[in-house]
Amino acid sequence: MESRFAIVVSLLIAVLAGYVLFRRRSGKKLPPGPSFLTSNFLLLTNPLLEFEPVLKNLKAKYGPFFTLSTFSGPAIIIADHSLAHKVLIQQGAVFSDRPKSFPMRNISSASYGPTWRLFRRNLASEFMHPSRVESYSWARKWVLHVYFCRIQKEHVVSGVKVVDHFRYAMFCLLVLMCFGEKFEESRINEIAKVQRDMLVKVSSGRFAMLHMFPRLGKILFKNRSKEFEKLCSDKEQVLIPLIKSRIEAANSEPLNVAYVDTLVNLQLPEEESGNGDGGKLSHKDMVSMCSEFFNSGTDTTSTALEWIMANLVKYPHIQRKLYDEITRVVGPPPRPSEVELESVINEDDLKKMPYLKAVVLEGLRRHPPVHFVLPHRVRVMKEVEVEGYTIPQGATINFMTGEMGLDPEVWDEPMEFKPERFLVNDGVVDITGSKGIKMMPIGAGRRMCPGYDLAMFHLEYFVANSVWYFDWTVPDGGGVDLSEEVELTVVMKNPLRTRVSSRAEKRTT
Ligand code: HEM
């Protein structure tokens, strides 16, 4: 009932807003696209998570630069890499704002300005400084040990379904970096559950109306509004006690610097500091920041890891080449039980493995965990001209990043998994887009993913150690199916099932 009501109200608003926009926009040349009614019809009849095929059809019809005229304003879509470079790098300051969303404080939803800069600098330069990341090497080793135990315990003829273990490992690691201490499994699962419950509902678009029209939405969609509040409160009930206890512990003893510690010291810019806490973040703000830290860094990284390992299972010659590179640098593999000792491939070893880096980059190109960036918004108070078209003030912009990495104009045999394409002469490949965009799995420009270095490092660390310790093979009667499905990220439709056998034990038998 509520959803039918939502559709009727949305249609009415669409028609009304369409009329207003039409009047306002007359004489302006937007990039081409479907009519106002068609755009809104497409939006209302296709679930948000299944919208990519619709956009692919529109791209085929209108080209790689088109407009959807939605009731909340024009949404511009760009699927061309050189245009993405013009917009995100050459005119970065103009296109780096975000549309208004739920009233919460974090990096990804902050408007382009001093607060965003403060939060982002804190994460990227302060918390993720290489020396800080290095100080967590004990944590990575512990998580690797937990992950090895889990995959070895799950001895199934049809193979281990590894993605659950990847997800758990990444979650453990980020929870540890966030709060600075190890938690038991039940606590980690509890945090994962409140995070996931919220994320699943938000990304399905269930609360979209609430954040587009906060006041009206609260009245018209009472049940959804209550549901949203309940999810927020569940999350706060789990995270606030952990934040408080971390703050107390950090006051009394010197520990590893955790993400929460860096948040405590932040001083909000003057225009934002009127929250009664003297410009400090409240506990609720910290929940939002920690939540973002988990949401951005766990599913993305574990999904990428699954795709990379799937290709290594599917193409044993690539796995073999990688294994050879690894043993050239660190010698023959130890037994999995030795992971608790010193026997892990560490940060310095990883730097000597160019083929490993190429495998990870090829994984991100061929199977980017997300096929769009977060919506951007034109920041300036007036419209902008791009390629002879007008992009009006306040328009949202997104990029078909999944398409860009597979463009046959840019990539030779784009559907093939060929890590060698990333082995360039000086061994350095820039995927940040500053010199030119060929793919953008992590975005590009000012809003580019600030966790990129950490994500790359975690991917290299887990891929290298997994392949060093274990031989990854297709179970009897099994196979590797690379079909995709959209969940929170773009995952394997048929999750990877693989046999993992200790290489050291194989050598001695
Ligand atoms: C393979 C792993 C990852 C992928 C593929 C990925 C991808 C992305 C993408 C596509 C964006 C949107 C960029 C834009 O809007 O233009 C983004 C933003 C962001 N990512 Fe990541 N990410 C990954 C890992 C991480 C990690 C490990 C963290 C932190 C722990 C993180 C934190 C963030 C944050 C805070 C933003 C918002 C940036 C802003 O608005 O300024 N990400 N990421």
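The values are calculated or read from the model by the stated rules, or taken from the named source; none is laboratory data. Since this is a predicted model, take the numbers as computed values, not measurements. Quick reminder, even Gly has a Cβ in these numbers, built from the backbone with ideal geometry, and neighbours come from all protein chains shown. For accessibility, only protein heavy atoms count, side chains too; no ligands or nucleic acids. Shrake-Rupley method; radii C 1.70, N 1.55, O 1.52, S 1.80 Å.
Assorted remarks:
- Mean projection of the Cα convex hull over all viewing directions, computed for region 355-496: 11.2 nm².
- Where Rh is the Kirkwood radius over Cα pairs, Rg/Rh for the chain: 0.97
- Note on region 420-509: Kirkwood radius taken over Cα pairs, Stokes-Einstein applied at 25 °C and 0.890 mPa s, translational D equal to 148 µm² s⁻¹.
- Centroid-to-centroid separation of region 277-332 and region 85-143 [C-alpha atoms, Å]: 17
- Mean residue ellipticity, 222 nm, helices only, the chain: the sum of -39500 (n - 2.57) across DSSP H runs of n ≥ 4, divided by residue count and rounded to 500, is -15500 deg cm²/dmol.
- Sorted on the mean count of surrounding Cβ atoms within 10 Å across their residues, most packed first, peptides 316-322, 443-449 read 443-449, 316-322.
- Rg to Rh, two decimals, where region 301-357 supplies the alpha carbon set and Rh follows Kirkwood: 0.98
- Solvent exposure of the chain amounts to 47 Å² per residue of accessible area, where only protein heavy atoms count and the probe is 1.4 Å.
- Annotation for L482 and R328: the two label points, set 7 Å from Cα along the Cα-Cβ direction, are 2.4 nm apart.
- Over all projection directions, the Cα-based convex hull of region 117-202 averages an area of 7.4 nm².
- Restricting the chymotrypsin sites (Phe, Trp or Tyr not before Pro) of region 449-509 to loop positions (DSSP other than H, G, I, E, B) with no more than 10 neighbouring Cβ atoms within 10 Å leaves nothing.
- Whole-percent pair-distance distribution, where bins are 10 Å wide, for the alpha carbons of region 31-76: 29, 63, 8
- Region 88-165, relative contact order [Cα under 8 Å, separation at least 6], %: 14
- With Cα atoms, 0 to 90° folded angle of helix 354-366 axis to the chain main axis: 40
- Two-site label geometry, W138 and M415: point separation in nm, points 7 Å out along Cα→Cβ: 5.0
- In a fully extended conformation the segment linking K182 and L199 would gain 3.7 nm over its present Cα-Cα distance, using 0.36 nm per residue.
- Region 347-396: relative contact order in percent, alpha carbon pairs under 8 Å with at least 6 residues between: 25
- Out-of-range pairs (alpha-carbon distance over 28 Å; input K161/K321; K351/K435; K351/K493; K153/K235; K29/K61; K218/K382): K351/K493; K153/K235; K218/K382
- Solvent-accessible surface (1.4 angstrom probe) belonging to L374, in square angstrom, nearest 10: 90
- Its alpha carbons give region 187-338 an Rg and a Dmax of 21.8, 65 Å.
- Angle in degrees between helix 185-203 and the longest Cα principal axis of the chain, rounded to the nearest 10: 30
- Note on E190 and V424: their simple-model spin labels are 4.9 nm apart, each label 7 Å out from Cα toward Cβ.
- Efficiency of FRET from Cβ geometry, R150 and I247, R₀ 25 Å, rounded to 0.05: 0.20
- Carbon + sulfur, % of accessible area of the chain - ligands and nucleic acids excluded, 1.4 Å: 55
- Charge context of S434, other residues only, Cβ under 14 angstrom, K/R +1, D/E -1: +4
- Based on Cα contacts under 8 Å between residues 6+ apart, the chain shows a relative contact order of 22 percent.
- Angle of helix 452-469 to the longest C-alpha principal axis of the chain, folded into 0 to 90 degrees and rounded to 10: 30°.
- Working note: Cα gyration tensor of region 50-182, eigenvalues times five, square-rooted, sorted largest first, giving semi-axes of 38, 25, 14 Å.
- Its alpha carbons give region 328-427 an Rg and a Dmax of 21.1, 63 Å.
- For the chain, share of DSSP beta bridges that run antiparallel, in % to the nearest 5: 80
- Rounded to whole Å, the principal axis extents of the Cα atoms in region 468-509 read 43, 23, 9, largest first.
- Region 385-428: translational diffusion in µm²/s, Stokes-Einstein, Kirkwood Rh over Cα pairs, 37 °C, 0.692 mPa s: 238
- Region 264-363 has equivalent-ellipsoid semi-axes of 42, 17, 13 Å, by the square roots of 5 times the alpha carbon gyration tensor eigenvalues, sorted largest first.
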